[in-house]
Each structure stands twice: as structure tokens, then as C-alpha cells.
Amino acid sequence: MTDLWWKSAVVYQIYPRSFADADGDGMGDLRGIIEHLDHLAGLGVDVLWLSPIYPSPQDDNGYDISDYQNIEPIFGTLEIFDELLAGVHARGMKLIMDLVVNHSSDEHPWFADSRSSLSSDKRDWYWWRPAREGMEPGTPGAEPTNWGSAFGGSAWEYDEKTGEYYLHLFSKKQPDLNWENDEVRSAVYDMMNWWLDRGVDGFRMDVINMISKDVSLPDGRLTAGSSYGDGSPAYINGPRIHEFLQEMHAKVFAGRDAMLTVGEMPGVTVDEAKLFTDPARGEVDMVFQFDHVWADRGDDPWQLVPLQLTKLKAIFNRWQAGLAEVGWNSLYWNNHDQPRAVSRYGDDSPQFRVASAKMIGTVLHLHRGTPYVYQGEELGMTNYPFRTIADFRDIEALGHYAQAVDREGRTPEEVLTVLRARGRDNARTPMQWNSSANAGFTTGTPWLAANPNYPEINAAAQHDDPDSVYHYYRRLIELRHNEPAVVDGDFTMLLPNDERLYAFTRRLGSTELLVIGNFSGDSVTADIDGWSDAELVLTNLPAPSGLTLAPWQSVIYRRTV
Ligand code: TEU
């Protein structure tokens, strides 16, 4: 039915630092992943994606890479990596690596060389610029542009040695690589080929739609109350982005079978995504778009706005419709940058946590696209009860706090309210394996505290419970593997104006599926006709009478038309 294997696949994301610690140093490692492969195989996922495991100063938890062709000693060695890869393949799964090439670490030898002198061979491998015209280098406001970095502060760092600034869209320890330079691109492609030759099955590409910049580097728009301009129009889907991805595809992926490539693309539009994922163009297989995870924020990314179900549905509908004929979607609620889905979209109170975790999983997995499960999502893990800023470790949280409280005069409590809801450390607390100390994640001191709810919410308890979130996710994955309508069916949104029910159909040939999720604590009846004789395929609670759904209930019906 389907020609591209990843259309019926489900991907599981591992954040190695927080997954499982086999050697007791408080950080997860590759041996820890090897020890838990049966948890993943048992869930039925097809592909594992590892967040970065390369040598790194860990300024951004490995998204700052100082050697692209080795393994961070905290995580293991290349030999242990090969063992892990063999264990993954032996279980019929594939493994994709995180590719972080918009920037490297400032401790990468490339950057050390680049910053060493104006005449270095590698000077042009990064974005160096003199101070703003007429300004004294290194003084406030002398930065080459007014851009802010993603983690607070200017996007430019002054380097005294050569009297110039380098660009870093993320932390100052993550200088942006200059993709205009041919040698940079060849070095990246060689490195990718080296990993694929070693046996890995593809890449998740970090902020890959930022690698092409408008070389004139224009100032960005300043919004009220913010100290920096928004440079993103100059680097999101920049002028040469499609050219670069086509070149990468030709030099790395062409002629290789069964690879998976997914581009992480903040700010990508539906029309752009169609171009990026049209198989005929040879760029990437699918993208991560951000519209749905930005549905509950204001113009200022750090402003919270209440989530409206109608808005969320309109976003998904636009993406489903936009990529219906050409291209392909990725589907995700969670990753290492997002708060926990059950706390954000569901109800994580003891009464409704399990039901709502299953319901949101149902809605996501029944869309057209490739679903991604983030570690712990299959257990219904929740946000962490952060008390003060001292509980956070993430450079984004700490950078935002410093900028907002110290420089922009917000109150700590106001900033903490946002960080509790949105902070990335919510996703990064240790995986909850069992009810022993530290959730069974480590015998040492975990680098980030385990969520105190681990005695109730953990994998060991769920493996033994057929009604657990884990076994429900297993059934969702099985359904995608066995029901072609889930993979290839047309998508039709129903009840677009309903603030409590998320309802849609999927149709392939004579098979039609009806999916309804109740995003509320009320019992609600769906006003949809023609399904009274349909077969109930899956529900998260006792079978409903007709289409009256209990609080947080989901149903999947099937009929022949
Ligand atoms: O994230 C890209 C990105 O856009 C993030 O800044 C995201 O919007 C933010 O974290 C939401 O709060 C990727 C990685 O996934 C992230 O972990 C890295 O920090 C970042 O790139 C830099 O490599």
C-alpha cells in the first residue's frame, strides 16, 4: 500500500542524559540504553532517535558538539555505541542520530582555529563581523546587528583577540557555522557519510532551516519591552536553504536505502514544508513544525496564553490538508524542549492523568504522519514541581531568567510561573523506571532530580498492568502497523468549533475510522451521525454508550462504507 517505510513507522526519542545511568555517575549513558532496549522493543517502536551523544562541553546538554565523530566519555565509547546499534538492529529497530550542524561548540577544533587569527584557514567557517560602524568594539550596542540569541542576551560575542564578533543564535558556546563556505559543507557531508557507513539509519537535523542566512545580516524588528531585535527573517528558511538540503541529499543519502531524515524547523510554514518534503525534490523525508506547540504562547514566546482547542485543531487541520497530496508530516506532542504533554494538553491530576495521557496519545497517533514518542510519554510522565530557579539546570531557563529578572525588571515569581509551565527541564527529569531510589535511573546523585511522583508513575508498574499508559501506547503503535487507513487514509476534521471534542475521520477505500478525544472533564456527546453500527476499535475507558464520551475519554470506531 505504502511505498515509503517510515509512513507506517513510530519513532521513539531518547534523551541519553536522562534515560538510564548504568555506571552510577548521575548521568544516563549508552550502557543504560542497552539495558532497556526491551522496554522499547516491547512498545513496538520502529526507530530510535538519540539526542546528541558526541563529545561536548554540555553547555546545552550536548547540542554543543566539540567532535562530530566520537562519543562523549560520559555516555561511553564508539565500541559501546556499536554494541548498542547491533542491539537495536537485532530487535528489528533502526537508529537515527541527532545532527547539530547549524553550530558547533566553541571548543570544537574548527572554532579554536577560526578564532586564532584573522588569517586562519578556518576564519570563514564561522560568522565573524567587525563592530557596528562608528562604534568602539566591545562596547554596549556595538554588536554587528541587534539580534537576540535564543537563550537570552545578544547573538554576537566579542572576541578580543581579533577585535571582531562571532554569531551565535543559541549560546555563546554554540558559534554558528558558515554554510556559505564550501569546505564547511563538505566536512559536514563527510561526517554524515562516516556515521551512515558505520550503520546508523538516518538523522534528526537540529534547526536545519537556519543554516542559510541572508549574508547582509540586517537588523531585526524590535518589539515593545524586549531588548533585542528579531533576526529570524534573515535566517529562517534563508535564501539557499533548499539548495543546501538538495546538495546534502545528493552527497549523503542518494543511493542509500531505508534511511530516515527529519528536519527540525522552527517557524516553517506549510508551503515551505511541502517543498522540503516533496520526495521528488530530494531534501528531507519530513519536518518538525512548531505551530501547535506555539498555540499557547503570545507574540512574546515567554508569554503564556490559555490553550484553545479550536485553535489547536485549526493548526493541525491546516497541516493535514496542506501535506495531503505532496509531502509528509511528523507528529509530536513532546520532545526534550517541550513541557510534558499530559500536563499541558491533558489533566495530570490523579483522577484523570491516565485517561488523559491515553486520550492525547490517541488523537496524535491517529493523524496522518509519523508519530514521535518522547521518553516517559509512554508512561504519562508529568511536569516537575519546580520551586525556585535553583531547581532548573537548562541554559534556556537560566538565560531567560537572567534577562527577564535582572535586565527587564520582571518579578521572579512571574518568570517562574512561565518556566514551570514551559521550561525544558520538565522533559529532562530522569526516566522513571521503578519505585526504587531516584526512580531507578541512577544509583548515584542524578544531575536533575527525579519527579517525586515516581513511586506511582514508573515503567515497572506499567509493564505488569495491561491497563497502563504503556500498554495503551503499544496498542496505538500496533494499530498503525496493522490498519492501512491509519497510515494512508484521507483526513477530515469534524466539529471544528467544539471547544471540548477533537473529532476526525480517516478514510482509505471502503474503510473509515472515526476518532474522538474529549479534551475536558465533562461528559460530552458528539453530534455525529452514521456510526451506531460501527465497530469499537480502541477506547481508553469502559466502552461508551453511543457517542457520549466520559471525561477525557477517547474512542476509535471503524466502519465499512
Ligand atoms: O531547538 C531549536 C529551538 O528552536 C529551541 O530553541 C526551541 O524553540 C526552544 O528550546 C523551545 O523552548 C534545538 C534543540 O532541540 C534544542 O534542544 C537546542 O537547544 C537548540 O536547537 C540549539 O541546538
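See the values below:
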| read-out | value |
| --- | --- |
| Accessible-area ranking of Thr277, Thr417, largest first, probe 1.4 Å | Thr417, Thr277 |
| Test item: Cα-centred dipole of the chain, Lys/Arg +1 and Asp/Glu -1 on Cβ, debye | 1100 debye |
| Relative contact order (percent, whole number), segment 335-411, Cα cutoff 8 Å, 6+ residue spacing | 29 percent |
| Surface share of carbon and sulfur [accessible, 1.4 angstrom probe, percent] for the chain | 49 percent |
| For the chain, the longest site-free run once GluC sites (Glu not before Pro) in DSSP loop states with at most 10 other Cβ atoms within 10 Å are removed | 326-561 |
| Sequence-separation-based contact order of segment 95-212, relative, with Cα cut under 8 Å and 6+ spacing, percent | 34 percent |
| Reference-scaled alpha-carbon Rg (2.2 N^0.38 Å with N residues) for segment 480-539 | 1.18 |
| Length gained when the stretch Arg387-Leu508 is fully extended (0.36 nm per residue, less Cα-Cα span) | 38.6 nm |
| Surface per residue (accessible, 1.4 Å probe) for segment 132-175, Å² | 43 Å² |
| Total lysine pairs under 21 Å (Cα atoms) in the chain, excluding pairs fewer than 8 apart on one chain | 13 |
| All Cα pairs of the chain, percent lying beyond 44 Å | 15 percent |
| Ranking by accessible area, most exposed first, for Asp257, Asp21, Asp230 with a 1.4 Å probe | Asp257, Asp230, Asp21 |
| Dipole in debye (nearest 20) - segment 72-144, about Cα centre, beta carbon charges: Lys, Arg +1; Asp, Glu -1 | 220 debye |
| Dipole of the chain, positive direction: furthest Cα of Thr560, Ala355, Ile14, with charges on the beta-carbon | Thr560 |
| Mean-position separation - Cα centroids, segment 1-76 and segment 208-278, in angstrom | 25 Å |
| Within the chain, helix-based [θ] at 222 nm, where runs of 4 or more DSSP H residues each add -39,500 (n - 2.57), nearest 500 | -7000 deg cm²/dmol |
| Label-point separation in nm, Ala324 to Ala280, each point 7 Å along Cα→Cβ | 1.9 nm |
| Given charges at beta-carbon only (K, R positive; D, E negative), |dipole| of segment 410-556 in Debye | 720 debye |
| Spatial separation of Cα centroids for segment 131-163 and segment 483-561, in angstrom | 54 Å |
| Probe 1.4 Å, accessible area per residue of segment 15-55, Å² | 23 Å² |
| 5 angstrom amide H check on Lys94, placed H, neighbours 5+ away | Val47, Leu48 |
| Residue-count net charge about Asp348 - beta-carbon cut-off 14 Å; Lys, Arg +1, Asp, Glu -1 | +2 |
| Distance between segment 445-475 and segment 330-385 - C-alpha centres, whole angstrom | 13 Å |
| For Ala550, net neighbour charge (Lys/Arg +1, Asp/Glu -1) across residues whose Cβ lies under 14 Å away | 0 |
| Lys/Arg +1, Asp/Glu -1 at C-beta; the chain dipole; positive extreme among Trp302, Val515, His89 | Val515 |
| Extension gain, Ser119 back to Ala437 (0.36 nm per residue minus Cα-Cα distance, nm) | 109.0 nm |
| Surface accessible to a 1.4 Å probe, per residue, for the residues of segment 347-483, Å² | 36 Å² |
| 3J(HN,Hα) from dihedral phi, segment 427-433, Karplus parametrisation 6.51/-1.76/1.60, rounded to Hz, x for glycine, proline | 7, 9, 5, x, 4, 9, 8 |
| Qualifying trypsin sites (Lys or Arg not before Pro) for segment 380-417 [loop in DSSP, other Cβ within 10 Å: at most 11] | Arg387 |
| Largest to smallest accessible area among Thr261, Thr560 [probe 1.4 Å] | Thr560, Thr261 |
| Dipole of segment 1-118, positive end: most advanced residue of Ser51, Gly62, Ile74 [Cβ charges, Cα centre] | Ser51 |
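The values are calculated or read from the model by the stated rules, or taken from the named source; none is laboratory data. What you see is a predicted model, and the numbers here were worked out from it, not measured in a lab. Cβ sites come from the backbone with ideal geometry, for glycine too, and all protein chains shown count toward neighbours. Remember, those area values only see protein heavy atoms, side chains included, never the ligands or the DNA or RNA. Shrake-Rupley method; radii C 1.70, N 1.55, O 1.52, S 1.80 Å.
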